[in-house]
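**Q** Please read through the structure below; I'll follow up with questions.
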Amino acid sequence: MSKSPSPTPTGKPLKVFGPLLAVLAIAIIAIGARFALMPTGTGGAAAIGGPFALVDDRGETLTNETFAGRFMLIYFGYTYCPDVCPTSLGEMAAALDRLPEDQLARIAPIFISVDPERDTPALIGDYARAFHPLLIGLTGSPAQIATVTKAYKVYFKKVEQEAGAPYLVDHSSVTYLMGPDGRFITHFSHGTSPEEMAARLSKILADTPS
């Protein structure tokens, strides 16, 4: 007895999944746009970094030239950050404490605010030193912060909360290492252990004559 032919696909499943696929495609594009702002590795990243002028807790203007001849270890965040910033700055501080004094002297660890509306010079200075005595807190006008974040390809966006709750700032969490000449060397992703960060920093400094 012959079998009935298998039913021919009608195309209806495609109609069902079509909208879902479209939503996924949009989400992937959005995520890709955000991560396109972040560095992907060492070398070949000449577009990362550039001139900046910001203010420290003494009210003095510091520029990229202030740190010429030293390695800049830079993290962008804000003092009201509930979790990511404290974790990243704690990891940075622990890594710095693992370096020998001669190498530590060649590094300028810097914390730059992405929330100039609330992060006054005094506030960010005290906040930075709470993590490490050498950590320099810098802030500035919205225009100054816009300039430095654009130069370093930093993503950040103000996120309003429910009425009465303080706003948050969604931001990329990357620690940049810039060379004594101001050029980008490498970056450390959020979650890099202090041991790994210290080992990588130590090797780079050892390989770079002072």
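The values are calculated or read from the model by the stated rules, or taken from the named source; none is laboratory data. Quick caveat, the model's predicted, so the values are computed rather than measured. Positions of Cβ are backbone-derived with ideal geometry, glycine not excepted, and every protein chain shown enters the neighbour counts. Quick note on the areas: whole protein, heavy atoms, side chains included, nothing else; ligands and nucleic acids left out. Shrake-Rupley method; radii C 1.70, N 1.55, O 1.52, S 1.80 Å.
**Q** With a 1.4 Å probe and all protein chains left in place, how much of the accessible area of the stretch 75-171 comes from carbon and sulfur atoms, in whole percent?
**A** Values: 2560 of 4390 Å².
Carbon and sulfur atoms account for 58 percent of the accessible area of the stretch 75-171.
**Q** Calculate the spin-label point distance for GLU101 paired with LYS158, positioning each point 7 Å from the Cα along the beta-carbon direction, and give it in nanometres.
**A** For LYS158 paired with GLU101, the spin-label model returns 4.6 nm.
**Q** In whole Hz, what ³J(HN,Hα) sequence does the stretch 132-140 give by Karplus (6.51, -1.76, 1.60; θ = phi - 60°), x for Gly and Pro?
**A** 7, x, 9, 6, 9, x, 10, 9, x
**Q** Next question, about the same structure. Label 7 Å along Cα→Cβ of SER193; the stretch 76-95 residues with amide nitrogen under 15 Å?
**A** Backbone N within reach: 91-92, 94-95.
**Q** Direction-averaged shadow area of the convex hull around the Cα atoms of the stretch 65-149, nm²? Mind showing how you got there, number by number?
**A** Working: hull surface 22.0 nm².
Answer in nm², one decimal: 5.5.
**Q** Here's a follow-up. Nearest 20 debye, what's the magnitude of the dipole of the stretch 64-164 about its Cα centre given +1 on Lys and Arg Cβ and -1 on Asp and Glu Cβ? Each step should come with its number before you reach the end.
**A** Details: 9 positive and 12 negative charges, 67 e Å.
So the dipole magnitude of the stretch 64-164 works out to roughly 320 debye.
**Q** May I pose another question? List the trypsin sites (Lys or Arg not before Pro) in the stretch 93-189 that DSSP assigns to loop (not H, G, I, E or B) and whose Cβ has at most 12 other Cβ atoms within 10 Å. Which are they? Don't skip to the end; give the middle numbers.
**A** On the way: sites: ARG98, ARG106, ARG118, ARG129, LYS150, LYS153, LYS157, LYS158, ARG183; in loops: ARG98, ARG106, ARG118, LYS153, ARG183.
In loop regions of the stretch 93-189 (DSSP not H, G, I, E or B), the sparsely surrounded trypsin sites (Lys or Arg not before Pro) are ARG183.
**Q** Quote to one decimal, in nm, the extra length available between SER141 and TYR167 on full extension: 0.36 nm per residue of separation minus the C-alpha distance between them. It would help to have the intermediate numbers written out before the result.
**A** Details: separation 26, 0.36 × 26 = 9.36 nm, distance 1.84 nm.
Contour length minus Cα-Cα distance gives 7.5 nm.
**Q** To continue, here is another question. Give me the accessible area per residue for the stretch 81-126, probe 1.4 Å, as a whole number in Å².
**A** Details: 1760 Å² over 46 residues.
That works out to 38 Å² per residue.
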